[in-house]
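Enquirer: Pasting a structure here, questions to come.
The values are calculated or read from the model by the stated rules, or taken from the named source; none is laboratory data. The structure presented is a predicted model; accordingly, all values stated were derived computationally and were not measured. Neighbour counts run over all protein chains shown; Cβ positions are idealised from the backbone, glycine included. The protein model used for the area step is the full one, side chains on, heavy atoms only, and it has no ligands, DNA or RNA in it. Shrake-Rupley method; radii C 1.70, N 1.55, O 1.52, S 1.80 Å.
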Amino acid sequence: MSSHNVDRVSLVFCIFFAQAYALLPPPCDSEIYCTGELLRRVQTAKLFNDDKHFVDMKLLASPDVVLEAFHNLTFGVQNQTITSSILKDFLTRFFDAPGKEFETWTPADWHEQPQFLSKIKDPKLYNWAVDLHRLWKSLGRKITMDVKDHPELYSQIYTPNPVIVPGGRFRELYYWDSYWIINGLLLSEMTDTAQGMINNFLYLVDRYGFVPNGGRIYYERRSQPPFLTVMVRDYFRATKDINFLKKAVPALEREYNFWMQNRSIIVEVDGNKHILNHYNVQIGQPRPESYTDDLDLAEHMSEGNDAAAQHYSKAYNNRLKAVEAVLWNSEKGVWFDYSLQTNSSNFAFYPSNLAPLWAHCFNHSDMQLRAFEYLKDSGALNYPHGVPTSLHNSGEQWDMPNAWSPLQQMLIQGLSDIPSGEPKELAFELAQKWIQTNWAAYSIYEAMFEKYDVNAGGKPGGGGEYEVQLGFGWTNGVALQLLDNYGERLTSAAADLNGFRLIWIQSLFFILALLLLL
């Protein structure tokens, strides 16, 4: 997804955002999907509502043939405008619509009654959970063998196993989204599908050395927070499959080494040097799937042996020290983002300020309660439908008034892990808020959304560079996790929803009566 969202949650693994350097290579080497005049002409002509549409289209001829035809089309008119109708005709001749890279697929391990459903006491939430469980089938995708045999015709990156995609414009796998999707699949007892998705990521590590942002070639030089290790951990906890764990370890080590070699930075605090990770994407051109948005933005601003165990234990302890030294603020009692430009903390509120609670990335247990007190005083709990992604309303999707499922789950889980009654109760209250928010929207739209508005029950979020998306993989996965953890206590808030419907009905009657009087 958008690179802006990633830096807000990067604290999970103590990683930081850095600006791209000048004169860097394009997102990938394709002269159609990642760079070149054809991409520029099509995207700036705004032929589609979403820039991602074009770069997801399949070629109907080899790249060389398409580029030669485009050269002939534009020869002699490099500095002149080619009309939209000419470009559309060209695309019709040489491109097919997005989605041709998939074949029909239904997960074979899906079944009607996974055990977690029995924990849900509220009848309406139970029926809703059944619907969410069923959504896995509609979000399943299998890549055709033609993508493997003719990769030059597609922007899709081939992976050998079917996937559950987020939904909407996000037609392919995404890295950190899949963590919450996989946890939802495990609750749905779809272990084969979950293992297949993890195997896809192991496959990508073997190919690239790390897991790209998503399953398109225009993502192959970008990354998201490295969640593969926790995917494998949670899969092992659910299945106790030690053979799979052993198989995964080499790729996990390779990914770790990639991040330490290519995404690390030394931060000096109080005379001590600490190694942390950050995003330093080596590309210097607009994102192909958000081409015009970026133009506008730029214009306006081996097996777990003893030696290995000791190595990673030492690395873990060093990371804890670095997180405390660089990110922990003893005065405020929480972890803040650290600016590499100003060498100072960013004191703004984000839910990710408390992400070390979820990641157990702290040295002293009193940090948990201090972070809990920070949250209570932050003002972020004053909203009826979730914790906002920030307290700043910028119009962007990763700011107020939007709330996103992964951040809610990380915050709720982090609070529930504090060995004290009050934080645990707050975790439940936040879970109740979020489930009621999701349920209210589902009752109105019969859909799950990518994000929600913290100020209005049943209203999806908005802002950013594309319309709010339906689906939605990680939203479904988080909802199932919360229903599994708190199903005996959660309620559907029928009274609030009925109140909403009453206001809606009264408004209709008022409008009809007014029309009759006119």
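Enquirer: For region 503-514, does any single residue satisfy the condition of being modelled with pLDDT under 95 and under 23 Å from Ile412 (Cβ atoms)?
Expert: Within region 503-514, the first condition is being modelled with pLDDT under 95, and the residues that meet it are 503-514.
Retained after the next criterion (residues that are under 23 Å from Ile412 (Cβ atoms)): none.
Checked region 503-514: no residue is modelled with pLDDT under 95 and under 23 Å from Ile412 (Cβ atoms).
Enquirer: Which residue, of Tyr350, Tyr338, is modelled with pLDDT of 95 or more, among the aromatic types (Phe, Trp, Tyr) and open to solvent by 10 Å² or more (accessible area, probe 1.4 Å)?
Expert: Tyr350
Enquirer: Can you tell me which residue among Lys433, Lys424 is open to solvent by 30 Å² or more (accessible area, probe 1.4 Å), in a helix (DSSP H, G or I) and either out of contact with any Leu (no Cβ under 9 Å at 6 or more places or on another chain) or modelled with pLDDT under 95 (or both)?
Expert: Testing whether each residue is open to solvent by 30 Å² or more (accessible area, probe 1.4 Å), in a helix (DSSP H, G or I) and either out of contact with any Leu (no Cβ under 9 Å at 6 or more places or on another chain) or modelled with pLDDT under 95 (or both) leaves just Lys433.
Enquirer: Tell me which residues, restricted to region 357-368, are buried (at least 20 other Cβ atoms within 10 Å of the Cβ) and over 15 Å from Lys332 (Cα atoms).
Expert: Leu357, Trp358, Cys361, listed by residue number.
Enquirer: Does Tyr316 meet the test of being open to solvent by 40 Å² or more (accessible area, probe 1.4 Å), touching a helix residue (DSSP H, G or I) at 6+ places or on another chain (Cβ under 9 Å), part of a helix (DSSP H, G or I) and closer than 30 Å to Leu245 by Cβ?
Expert: No; evaluated as a whole, the condition is false for this residue.
Enquirer: Considering only region 178-185, I want to know if a residue exists there that is part of a helix (DSSP H, G or I), of a type in the set (Val, Ile, Thr) and open to solvent by less than 10 Å² (accessible area, probe 1.4 Å).
Expert: yes
Enquirer: Show the residue pairs meeting these rules: Cβ distance below 8 Å; 6+ apart or different chains; first residue within region 158-178 and over 12 Å from Asn199 (Cα atoms) and at pLDDT 95 or above; second residue of a type in the set (Ser, Thr, Tyr) and in a loop (DSSP other than H, G, I, E, B).
Expert: Leu173/Thr159
Enquirer: Every residue in region 128-151 that is in a helix (DSSP H, G or I) and surrounded by 14 or more Cβ atoms within 10 Å (Cβ to Cβ), please.
Expert: Trp128, Ala129, Val130, Leu132, His133, Leu135, Trp136, Asp146, Val147, listed by residue number.
Enquirer: Only one of (1) modelled with pLDDT under 95; (2) open to solvent by 20 Å² or more (accessible area, probe 1.4 Å) is not met by Asp399, so which one is it?
Expert: (2)
Enquirer: Are any residues in region 228-285 outside any helix (DSSP H, G or I), more than 20 Å from the chain's Cα centre (by Cα) and under 26 Å from Trp474 (Cα atoms), and if so, which ones?
Expert: Matches in region 228-285: Lys240, Asp241.
Enquirer: Is it the case, given these coordinates, that Asp131 is of a type in the set (Asp, Glu), within 30 Å of Glu446 (Cα to Cα) and within 26 Å of the chain's Cα centre (by Cα)?
Expert: yes
Enquirer: Also: Evaluate the following for Leu87: is it touching an Asp or Glu at 6+ places or on another chain (Cβ under 8 Å) and either open to solvent by less than 40 Å² (accessible area, probe 1.4 Å) or modelled with pLDDT of 95 or more (or both)?
Expert: Criteria not met by Leu87.
Enquirer: Just to check your reading of the model, which residue among Ala403, Ala371 is touching a Pro at 6+ places or on another chain (Cβ under 7 Å) and either of a type in the set (Gly, Ala, Ser) or farther than 30 Å from Asp293 by Cβ (or both)?
Expert: On the way: Ala371 fails: touching a Pro at 6+ places or on another chain (Cβ under 7 Å).
Result of the check over Ala403, Ala371: Ala403.
Enquirer: I need every pair where a residue in region 205-234 that is closer than 13 Å to Arg287 by Cβ and open to solvent by less than 10 Å² (accessible area, probe 1.4 Å) has its Cβ under 6 Å from the Cβ of a residue that is part of a helix (DSSP H, G or I) and among the aliphatic types (A, V, I, L, M), sequence separation at least 6 or different chains.
Expert: Tyr218/Val55
Enquirer: Sticking with this structure for a sec: When the residues of region 92-109 are narrowed to those that are assigned to a helix (DSSP H, G or I) and of a type outside the set (Ser, Thr, Tyr), which ends up least open to solvent (accessible area, probe 1.4 Å)?
Expert: It comes out as Phe94.
Enquirer: Has region 462-477 got any residue that is open to solvent by 10 Å² or more (accessible area, probe 1.4 Å), part of a helix (DSSP H, G or I) and within 23 Å of Gly184 (Cα to Cα)?
Expert: So far as region 462-477 goes, no, none of its residues is open to solvent by 10 Å² or more (accessible area, probe 1.4 Å), part of a helix (DSSP H, G or I) and within 23 Å of Gly184 (Cα to Cα).
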